[in-house]
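Trainee: Provided herewith is a single structure, encoded as structure tokens, for subsequent inquiry.
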């Protein structure tokens, strides 16, 4: 059993100022080369800000009910998202979807700042950006899971995946047992922001009130 398969793919600089300047330089270059206009950039920024965890939950619920779509999502998340009308900006970091299974449990973090799949989940929760989570999840992932009320069998491998300026990760939680007859809309209600980060599992079907 591997307690913590930490993967660090950071392209981070020393601080947030570096990335702010880098973003400004890229924006200026895109405008100068005629790739897009300032209005295009602002429009896309507004679109991303309008996103929420409910958007990600809808995508992942669809993956639960459509095995072929799930395979496309795991192989090429950006193309699969486009199928459902989620058009990620060309300049956005690459998004990868990782599936939690009976054998492997993935958890996402950004150890040096707060890189997060905003283009599909919106703004990250405050705890995700906090030093307590960013530092502890790498050295004691199971302890962090317990803090969120998540208990895993000792045989399950826990993998901590480090987001970066160039890569973002979205976790596809295991589909709970007893959900075979549920609608896609109700399934989406079981997928929380915490489960898409990997600190929690999807909710049980009992948590959804029958309509």
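Trainee: Only one of 162, 140, 153 is modelled with pLDDT of 95 or more and in contact with a strand residue (DSSP E or B) (Cβ under 8 Å, 6 or more places away or on another chain); which?
Mentor: Just a single option satisfies the conditions, and that option is 162.
Trainee: Can you tell me which residue within segment 192-201, out of those that are in contact with a strand residue (DSSP E or B) (Cβ under 9 Å, 6 or more places away or on another chain) and in contact (Cβ under 8 Å) with a residue 40 or more places away in the chain, is surrounded by the fewest Cβ atoms within 10 Å (Cβ to Cβ)?
Mentor: The selected residue is 201.
Trainee: Among the residues of segment 163-182, which ones are assigned to a strand (DSSP E or B) and buried (at least 20 other Cβ atoms within 10 Å of the Cβ)?
Mentor: Correct list: 168, 169, 170, 171, 172.
Trainee: Tell me which residues, restricted to segment 29-53, are in contact with a helix residue (DSSP H, G or I) (Cβ under 7 Å, 6 or more places away or on another chain), at pLDDT below 75 and loosely packed, with under 13 Cβ neighbours inside 10 Å.
Mentor: 38
Trainee: Here is a further query. Checking residue 134 against (1) under 30 Å from residue 93 (Cα atoms); (2) more than 17 Å from the chain's Cα centre (by Cα), only one condition comes out false. Which one?
Mentor: The failed condition is (2).
Trainee: What number of residues within segment 99-121 are out of contact with any helix residue (DSSP H, G or I) (no Cβ under 8 Å at 6 or more places or on another chain) and under 16 Å from residue 166 (Cα atoms)?
Mentor: Residues that pass the stated criteria total 1.
The values are calculated or read from the model by the stated rules, or taken from the named source; none is laboratory data. Remember, predicted model here, so these are calculated numbers, not experimental data. FYI the Cβ positions are ideal-geometry reconstructions off the backbone, even for glycines, and counts take in every protein chain you see.
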